[in-house]
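What follows is one structure encoded as structure tokens, with my remarks underneath.
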Amino acid sequence: MTATASLAAPDTAASAAGSAERLPDPADLISFDTLLTDEEVALRDRVRAFVTAEIKPNIARWYEEARFPLEIVPEMASLGLLGMHLHGYGCAGRSAVEYGLAGAELEAGDSGLRTFVSVQGSLAMSAIHKHGSEEQKHEWLPQMAAGEAIGCFGLTEPTAGSDPGSMTTYARRDGTGPTVDWVLSGKKRWIGLANVAKVAVIWAMTDDGVRGFVVPTATPGYTATPIEPKLSMRASIQCEIELDEVRLPHDAVLPNAGGLKGPFSCLNEARYGIIWGSMGAARDAFEDALAYSKERLQFGRPLAGYQLTQAKLVDMALEINKGFLLALHLGRLKDAGKLQHHQISVGKLNNCREAIEIAREARTILGGNGITLEHSPLRHANNLESVRTYEGTDEVHTLILGQKLTGEAAFR
Ligand SMILES: Cc1cc2nc3c(=O)[nH]c(=O)nc-3n(C[C@H](O)[C@H](O)[C@H](O)COP(=O)(O)OP(=O)(O)OC[C@H]3O[C@@H](n4cnc5c(N)ncnc54)[C@H](O)[C@@H]3O)c2cc1C
């Protein structure tokens, strides 16, 4: 592993700016960096250098082996990427824009790696950070930020996806009074990292509506089985969880989350990260196709010299530039505490939709070679099928925006 300085302390990252190698960004037509502070550029470049050194040379193998590289978790932790935007409890306390910039770089490596950071930081840690007791925060957040404990976030069920309110996982109290145990039963599906997690945040129905529970995965009755084989997110793990009468102490419940607002507030964090991440994947697919088009000769000239190829590259670059501008605008709103719920849907829907189109178009420039793992676009396109599905599908975000525009809810 390459030695990389922590991003945890802004001062460290700023002073390291000079030493980070500036890697080219051929998709940038608008001098995007002029919109960033020196500190943001420095942080972005350090994550880009990490991805270039540690992820890009290995990702095809991990993807082929369908393996999440647990061995890079310590380095991600030392970079301050776990719970990066959370404050206190050993977390890096970075801004939303910085978190987004890092997510874009990670997803330029692979969506599976950005997904890990998202599940750990935006979902599991953020659930405990937002809704947990001081005891829960002190117990879990420092070890999760340090990469010593992996967390997962169990909301989706085999029969409850876009409509999590229909969940059937149930938490009952074993008796009466404030200190009786909780007993959880049910199934969760598609839960990232659930078989390697030390702690699971599980959302369950109770007599008082949906509540969140902090479940150490060593608790008897908890079983996580990876869902295999997958055609998308192969360098990442998703599991089915079975909860068979999992007995928890009375203080396992997240005290400050009641109803679906609890999980939704965490999903919004993860959706925000996707706005940036999806564009990172698109940018990497574009760069691969651009480089190939300059070298590949057909009919006696490089593919890049043909107008049809240039039109494809230009259309891709326009959407990448617009996508990053949108991400930055929403990030600045988030940092100012002004980001509205529907605005996250604008970014998630638009950037996932454009990213998948860009990755597919990039694949066409690669011709037959584009279907191999030697090139990134089809891998990114396959991953982006998951990204457009989780954290609210295209249809769900369309319905959110439709309701915003018309005042009519069309969900059911
Ligand atoms: C790689 C991956 C990782 C994931 N990680 C996690 C995780 O860590 N934790 C977690 O809890 N979940 C996770 N999920 C689950 C994810 O959030 C769900 O897959 C998603 O919410 C969609 O649910 P579903 O798959 O059950 O599809 P469904 O909800 O069954 O939807 C199927 C189709 O019907 C459409 N549809 C649904 N309702 C409507 C409607 N009202 N109008 C029109 N169309 C509609 C959908 O848009 C979709 O196109 C993950 C999923 C994947 C693929």
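The values are calculated or read from the model by the stated rules, or taken from the named source; none is laboratory data. As the structure is a prediction and not an experimental result, all values here were calculated from the model. Reconstructed Cβ throughout: ideal geometry from the backbone, glycine too, with neighbour counts over all protein chains shown. The area values use the complete protein model at the heavy-atom level, side chains included, leaving out ligands, DNA and RNA. Shrake-Rupley method; radii C 1.70, N 1.55, O 1.52, S 1.80 Å.
Considering Gly212, Gly277, the condition of being outside the structural domain of Leu184 (by TED's automatic domain parsing) and on the phi < 0 side of the Ramachandran plot is satisfied by Gly277 alone. If you go through the stretch 199-218 and pick out every residue that is of a type outside the set (A, V, I, L, M) and surrounded by fewer than 16 Cβ atoms within 10 Å (Cβ to Cβ), you end up with 3.
Each residue in the stretch 217-239 was checked for being touching a strand residue (DSSP E or B) at 6+ places or on another chain (Cβ under 6 Å) and more than 10 Å from the ligand (Cβ to nearest atom), and 8 of them qualify. Scanning the stretch 31-67 for residues that are touching a residue at least 40 places away in the same chain (Cβ under 8 Å) and in a loop (DSSP other than H, G, I, E, B), we see that the one that is nearest to Glu228 (Cα to Cα) is Ala66.
Looking only at the stretch 77-131, count every residue that is among the hydrophobic types (A, V, I, L, M, F, W, C), within 16 Å of the ligand (Cβ to nearest atom) and assigned to a helix (DSSP H, G or I) and tell me the total. So the answer is 10.
When Glu269, Glu295, Glu242 are checked against the criterion of being at pLDDT 95 or above, surrounded by fewer than 22 Cβ atoms within 10 Å (Cβ to Cβ) and within 16 Å of the ligand (Cβ to nearest atom), a single residue qualifies: Glu242. May I ask you to verify whether Tyr306 is open to solvent by 30 Å² or more (accessible area, probe 1.4 Å), within 16 Å of the ligand (Cβ to nearest atom) and not assigned by TED's automatic domain parsing to the domain that holds Gly103? No, not satisfied. Taken residue by residue, the stretch 246-256 has no member that is within 13 Å of the ligand (Cβ to nearest atom), at pLDDT 95 or above and closer than 30 Å to Gly100 by Cα.
Per the conditions (1) surrounded by fewer than 16 Cβ atoms within 10 Å (Cβ to Cβ); (2) touching a helix residue (DSSP H, G or I) at 6+ places or on another chain (Cβ under 8 Å); (3) not charged (D, E, K, R), the sole criterion not satisfied by Gly259 is (2).
With the structure loaded, tell me whether Ala197 is assigned to a loop (DSSP other than H, G, I, E, B), touching a residue at least 40 places away in the same chain (Cβ under 8 Å), of a type in the set (A, V, I, L, M, F, W, C) and within 13 Å of the ligand (Cβ to nearest atom) or whether it fails that test. Yes. Residues in the stretch 360-387 that are open to solvent by less than 50 Å² (accessible area, probe 1.4 Å) and either within 16 Å of the ligand (Cβ to nearest atom) or under 30 Å from Arg412 (Cβ atoms) (or both): Arg379, His380, Ala381, Asn383, Leu384, Ser386, Val387. Against the test of being open to solvent by 50 Å² or more (accessible area, probe 1.4 Å) and at pLDDT 95 or above, the options Glu39, Glu75, Glu105, Glu54 yield a single qualifying residue, Glu39. Between Ile356, Ile344, Ile400, the distinction of being under 27 Å from His87 (Cβ atoms) and among the β-branched types (Val, Ile, Thr) belongs to Ile344 only.
Spot the failing condition for Ser166; the list is (1) closer than 20 Å to Arg271 by Cβ; (2) open to solvent by 10 Å² or more (accessible area, probe 1.4 Å); (3) within 14 Å of the ligand (Cβ to nearest atom), and only one is missed. Looking at each condition in turn, Ser166 falls short on (1).
One residue stands out among those in the stretch 149-163 that are closer than 12 Å to Ala197 by Cβ and in a loop (DSSP other than H, G, I, E, B): the one that is nearest to the ligand (Cβ to nearest atom), which is Ile150.
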